[in-house]
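**Q** Sending over a structure as structure tokens; questions will come in a sec.
The values are calculated or read from the model by the stated rules, or taken from the named source; none is laboratory data. Quick caveat: nothing in here was measured; it's all calculated off a predicted structure. Here Cβ is always computed from backbone atoms with ideal geometry, including for glycine, and neighbour counts include all displayed protein chains.
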């Protein structure tokens, strides 16, 4: 009987110790009981961007490399893979609205992910890029 009690105490102690060590490990690795903050950006279509351009209140950024052409009212060209090295070209206010586009939407999506990870909270990705833009009948500027 004493042996069963001793084994029970040892097993219970192992569970308690394991739970304690797991908890310590989670705190050291930055985990908490709070839900993770969602890093997300908004996706917009060509017609939605046309509507937004009517009352333009955002920075419009072409991120496609190599540079080929751009949409009307583009403010700046920043290569998608160098976006974090060009923060001086972006608003200091991380709540400012930024719309990104490229040729097909892939590069602008990567740039949008980078900006949200850097704390920008109002990022838009133009899905389909200049290909979709032209397919919908809108013109682009060729330089």
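**Q** Looking at residue 124 and the list (1) surrounded by 20 or more Cβ atoms within 10 Å (Cβ to Cβ); (2) in a loop (DSSP other than H, G, I, E, B), which single condition is not satisfied?
**A** Here residue 124 meets the rest and fails (2).
**Q** Which is at pLDDT 65 or above, outside any loop (DSSP other than H, G, I, E, B) and within 16 Å of residue 122 (Cα to Cα), of 50, 61?
**A** That would be 61, the only listed residue that is at pLDDT 65 or above, outside any loop (DSSP other than H, G, I, E, B) and within 16 Å of residue 122 (Cα to Cα).
**Q** Tell me, please, whether a residue that is without any contact (Cβ under 8 Å) to a residue 60 or more places away in the chain and either assigned by TED's automatic domain parsing to the domain that holds residue 52 or touching a strand residue (DSSP E or B) at 6+ places or on another chain (Cβ under 7 Å) (or both) can be found in the stretch 123-130.
**A** The answer is no, given that none of the residues of the stretch 123-130 is without any contact (Cβ under 8 Å) to a residue 60 or more places away in the chain and either assigned by TED's automatic domain parsing to the domain that holds residue 52 or touching a strand residue (DSSP E or B) at 6+ places or on another chain (Cβ under 7 Å) (or both).
**Q** Let me ask another. Filter the stretch 64-74 down to residues that are within 15 Å of residue 125 (Cα to Cα) and part of a loop (DSSP other than H, G, I, E, B) and give me whichever is farthest from the chain's Cα centre (by Cα).
**A** 74
**Q** Which of the residues spanning the stretch 119-143 are closer than 19 Å to residue 67 by Cα and in contact with a helix residue (DSSP H, G or I) (Cβ under 7 Å, 6 or more places away or on another chain)?
**A** Within the stretch 119-143, the subset closer than 19 Å to residue 67 by Cα is 125-134, 138-143.
Within the stretch 119-143, 125, 126, 128, 129, 132, 133, 138, 140 meet the criteria.
**Q** Quick check on my filter: what residues within the stretch 84-102 are closer than 10 Å to residue 121 by Cα and surrounded by 20 or more Cβ atoms within 10 Å (Cβ to Cβ)?
**A** Here is the first cut: in the stretch 84-102, the residues closer than 10 Å to residue 121 by Cα are 93-98.
Correct list: 98 only.
**Q** A follow-up question, please. Do we have any residue at all in the stretch 94-108 that's in a loop (DSSP other than H, G, I, E, B), in contact with a helix residue (DSSP H, G or I) (Cβ under 6 Å, 6 or more places away or on another chain) and on the phi > 0 side of the Ramachandran plot? If you could, list the steps in order and put the result at the bottom.
**A** Step one: filter the stretch 94-108 for residues in a loop (DSSP other than H, G, I, E, B), giving 94-97, 102-105.
Then drop every residue that is not in contact with a helix residue (DSSP H, G or I) (Cβ under 6 Å, 6 or more places away or on another chain), which leaves 102-105.
If we keep only those that are on the phi > 0 side of the Ramachandran plot too, we end up with 105.
Within the stretch 94-108, one or more residues are in a loop (DSSP other than H, G, I, E, B), in contact with a helix residue (DSSP H, G or I) (Cβ under 6 Å, 6 or more places away or on another chain) and on the phi > 0 side of the Ramachandran plot.
**Q** Answer with yes or no whether residue 108 is touching a strand residue (DSSP E or B) at 6+ places or on another chain (Cβ under 7 Å) and in the same structural domain as residue 56 (by TED's automatic domain parsing).
**A** Details: touching a strand residue (DSSP E or B) at 6+ places or on another chain (Cβ under 7 Å): yes; in the same structural domain as residue 56 (by TED's automatic domain parsing): yes.
Considered against the rule, which asks whether it is touching a strand residue (DSSP E or B) at 6+ places or on another chain (Cβ under 7 Å) and in the same structural domain as residue 56 (by TED's automatic domain parsing), residue 108 comes out as yes.
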